[in-house]
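Worksheet: one structure, shown below.
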Amino acid sequence: MGSSGTSLLKPFDYSQVWRFVLAHNGATRYLRRGSRKCSDSRMPWDIWVIFLALGLILPWRGQQRMKKLLAMPRVSTVERVTLYASTMAFQWCAVALVAWRGWADGFTASQLGLTIHDRTRILVVSMAGALTMAAFQWLNLQRVGRISMEARGPVQALAERLLPQSPVELLPYLALAITAGLCEEFLYRGFVMAVLVRVGLPSGAVLLISSVLFGLAHSYQGRGGVVMTLFVGLILGTSRMAYDSLVPAIFWHAAVDVVAGTAGPRYLLPRSAAPARKPGALEKR
């Protein structure tokens, strides 16, 4: 005990640290990146912050915005277009921030799904999948439209406040639909999946976790919306893995949102709120 206590009081030889580092090349490579690492050596701190934002802050923000909308007896054209514009601005800012941190943490374009390996194949798959997704979305809107408005629950309230109700609103909505296809796919099928792969999770876990985060981002749509969006996320994530590219998922995602804005008002909105026909336009029999 006495000799041990004496050794503890000796001054520490810092040269031993340098000898240790020189003897472990792997450690030096790690330490070059170590200034940005958190407690998990495979996950930088900024990525933890991004995941926190995607899993908690973003869903909370959507729910708060939706509560504000639902409290309004009526949403005007100016308010609806402003909502579209602010959502687009927010999504592009989020993508810019995440892309910056992804680049800083060493993610490549290939890892993020920003490559096309076989242009013809990717184009065919993108268009065929977009048409299929659009058809299913159209049929689903028709199905919901046959249900009484009282039985639709929160879906009806969301439709009346979010869907475009005039040509003036339709154009910015279509821009929003394309923006969502680009930005959300980069965030959830590009960045999130790339991070989870780097961490070393199996493909099934990568697909499931990214889809859960995607579903939570749409929690403002209620439980049914979360489940449906999670299911769509599984489809989009599968395409990302199958074709090693975000392009098919971007097309498929945008197709779903475009049909929601074009067919949704027709089947979900009261006739008085749906886009009116041009004067003098008569149906031909």
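Assuming R0 = 22 Å, what is the FRET efficiency of Ser203 and Trp48, from their Cβ-Cβ distance, to the nearest 0.05? Numbers along the way, then the final one.
On the way: r = 22 Å, r/R0 = 1.01.
So, using R0 = 22 Å, E works out to roughly 0.50.
Normalised by the residues of the range 44-268, what does the relative contact order come to in percent, with Cα pairs under 8 Å and at least six apart?
Values: 242 pairs, mean separation 81.7, N = 225.
Relative contact order of the range 44-268: 36 percent.
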### Message
Calculate the FRET efficiency for Arg266 and Arg119 from the Cβ-Cβ distance with a Förster distance of 51 Å, rounded to the nearest 0.05.
### Response
0.90
### Message
How would Ser211, Ser86 line up from fewest to most surrounding beta-carbon atoms within 10 angstrom?
### Response
Ser86, Ser211
### Task
Let me know the charge dipole size of the range 44-268 about its Cα centre in debye, to the nearest 20, where only the beta-carbon of Lys, Arg (+1) and Asp, Glu (-1) is charged.
460 debye
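Using the alpha carbon gyration tensor of the range 44-268, what are the three equivalent-ellipsoid semi-axes (square root of 5 times each eigenvalue), largest first, in whole Å?
On the way: eigenvalues 170, 82, 52 Å².
Working from the Cα gyration tensor, I get semi-axes of 29, 20, 16 Å.
Would you please put 129-135, 100-106, 142-148, 237-243 in order of how densely packed they are, using the mean number of other Cβ atoms within 10 angstrom per residue and starting with the highest? Let's see the in-between values first.
Working: 129-135: 17.3, 100-106: 14.4, 142-148: 11.7, 237-243: 19.0.
Answer by packing, highest mean first, reads 237-243, 129-135, 100-106, 142-148.
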### Query
If you stretched the chain out fully between Ser76 and Met241, how much longer would it get, using 0.36 nm times the residue separation minus the C-alpha to C-alpha distance?
55.3 nm
### Message
Quick check: Cα centre of the range 224-243 to Cα centre of the range 107-154, how many Å?
### Response
9 Å
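For Glu150 and Ile178, what is the calculated FRET efficiency with R₀ set at 45 Å and r taken between the beta-carbons, to the nearest 0.05?
For R0 = 45 Å, the calculated efficiency reads 0.85.
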### Query
Say the dipole of the range 44-268 comes from +1 at the beta carbon of Lys and Arg and -1 at that of Asp and Glu; which of Cys93, Phe51, Gly261 then lies farthest toward its positive end?
Gly261
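Where a number appears in this text, it was derived from the coordinates with a stated rule and is not lab data. Bear in mind the structure is a predicted one, so any value in this text is a computation, not a measurement. Positions of Cβ are backbone-derived with ideal geometry, glycine not excepted, and every protein chain shown enters the neighbour counts.
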